[in-house]
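Report on one structure; see the data block that follows.
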Amino acid sequence: MNELVIVQAPTLQIVQEQSYIHFNAATLVGPPGASSITLVPFLFTATAGQTVFNLASTPATGVILLAINGAVQSEAGGDFTVVGSTVTLAEGVDLNDKVFGIYA
């Protein structure tokens, strides 16, 4: 079972058995000796009915965490798709909704 511990902003630590993932600023570091990856945060303020959002770059790992007004969305569940650097929501959002997240 994963244990999620919020240490202090902007530090996030996820502990599982003998390995760990530690997030600090914009770098994700795995267990000692593992490679690190850069995380890219994004934030958009939507227009009425907007479905398409362009990220600053293409997610290198294909991993993206996306939320609308704090509600986490599921790519596997069909809430959104990512092609290249373009995120397309399954449904349009409301004016001034906050679409935000992070990708690697």
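The set of residues in segment 58-73 being within 12 Å of Leu89 (Cβ to Cβ) and part of a loop (DSSP other than H, G, I, E, B) consists of Gln73 alone.
Search segment 62-104 for residues being polar (S, T, N, Q) and exposed (fewer than 11 other Cβ atoms within 10 Å of the Cβ), and hand back the single one that is farthest from the chain's Cα centre (by Cα). First the steps, then the outcome.
Initially, segment 62-104 is screened for residues polar (S, T, N, Q), giving 69, 73-74, 81, 85-86, 88, 96.
When the remaining residues are screened for being exposed (fewer than 11 other Cβ atoms within 10 Å of the Cβ), the result is 74, 96.
Details: Ser74: 11, Asn96: 20 Å.
If we take residues in segment 62-104 being polar (S, T, N, Q) and exposed (fewer than 11 other Cβ atoms within 10 Å of the Cβ), then Asn96 is farthest from the chain's Cα centre (by Cα).
Only one of the numbered conditions (1) surrounded by 12 or more Cβ atoms within 10 Å (Cβ to Cβ); (2) at pLDDT 95 or above is not met by Asn54, and that is (1).
The values are calculated or read from the model by the stated rules, or taken from the named source; none is laboratory data. All figures in this text were calculated on a predicted structure; none of them were measured in a lab. Note that each Cβ is placed from the backbone with ideal geometry, even for glycine, and that neighbours are counted across all protein chains shown.
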